[in-house]
Amino acid sequence: MPMMTAEQYEESLRRLNLVVYMFGKKLDNVVDDPIIRPSMQAVAKTYELAHRPEHEDIMTATSHISGEKINRFVHIHQSTDDLVKKSKMGRLLGRETGCCFQRCQSLSHQR
């Protein structure tokens with residue numbers, strides 16, 4: 001199964017039909033809400049960078065289960081090199097996003 005793109009990630013969130021309340025009010029559109037959108041875009045950046053050839057070594061890994069190329073965020077670390085690349089990935093994302101990019105399970109459903 002191919003890795004999800006940033007655009008596919010955003011569209012997948014739109015399809016979830018989420019019911020979200022913030023500050024006591026129900027949000028009509030979580031994806032486009034001006035408070036939530038910057039965080040969603042930071043998570044989307046993790047998908048975007050995984051598709052850029054110049055970041056492939058840091059942002060992707062080969063699954064030891066399927067043998068497929070996967071986003072490093074869903075990779076089960078197998079070596080010291082994996083952990084070093086995870087650290088480098090965090091630094092890259094910090095530079096690129098300037099905000100939280102930790103892909104909590106509530107906002108991420110990478111295939």
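The values are calculated or read from the model by the stated rules, or taken from the named source; none is laboratory data. In this text the structure is predicted, and so the values were computed from the model without any measurement. As a convention, Cβ positions derive from the backbone with ideal geometry for all residues, glycine included, and neighbour counts pool all protein chains shown.
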Restricting to region 15-28, count the residues that are in a loop (DSSP other than H, G, I, E, B) and modelled with pLDDT of 90 or more. 7
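Which one is nearest to residue 49 (Cα to Cα) among residues in region 1-15 that are among the aliphatic types (A, V, I, L, M) and surrounded by 12 or more Cβ atoms within 10 Å (Cβ to Cβ)?
That would be 6.
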Kindly list, by first and then second residue, each pair from a residue in region 5-32 that is at negative phi and in contact (Cβ under 8 Å) with a residue 40 or more places away in the chain to a residue that is acidic (Asp, Glu) and assigned to a helix (DSSP H, G or I), limited to pairs with Cβ atoms under 6 Å and residues at least 6 apart or on different chains. 6/48
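For region 30-68, which positions are small (Gly, Ala, Ser) and modelled with pLDDT of 90 or more?
Here is the first cut: in region 30-68, the ones small (Gly, Ala, Ser) are 39, 42, 44, 50, 61, 63, 66-67.
Answer for region 30-68, where residues must be small (Gly, Ala, Ser) and modelled with pLDDT of 90 or more: 44, 50, 61, 63, 66, 67.
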Tally, over region 9-27, of residues that are under 13 Å from the mean Cα position of the chain (by Cα) and farther than 19 Å from residue 93 by Cα: 2
The residue that is nearest to the chain's Cα centre (by Cα), considering only those in region 28-75 that are of a type in the set (S, T, N, Q) and within 26 Å of residue 14 (Cβ to Cβ), is 46
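Looking only at region 42-81, which residues are assigned to a helix (DSSP H, G or I), among the acidic types (Asp, Glu) and exposed (fewer than 15 other Cβ atoms within 10 Å of the Cβ)?
Narrowing region 42-81 to residues assigned to a helix (DSSP H, G or I): 42-50, 53-59, 72-74, 80-81.
Retained after the next criterion (residues that are among the acidic types (Asp, Glu)): 48, 54, 56-57, 81.
Once the filter is applied, which keeps residues that are assigned to a helix (DSSP H, G or I), among the acidic types (Asp, Glu) and exposed (fewer than 15 other Cβ atoms within 10 Å of the Cβ), region 42-81 yields 54, 56, 57, 81.
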For residue 110, work out the one condition from (1) out of contact with any strand residue (DSSP E or B) (no Cβ under 8 Å at 6 or more places or on another chain); (2) modelled with pLDDT under 90; (3) at negative phi it doesn't fulfil. (1)
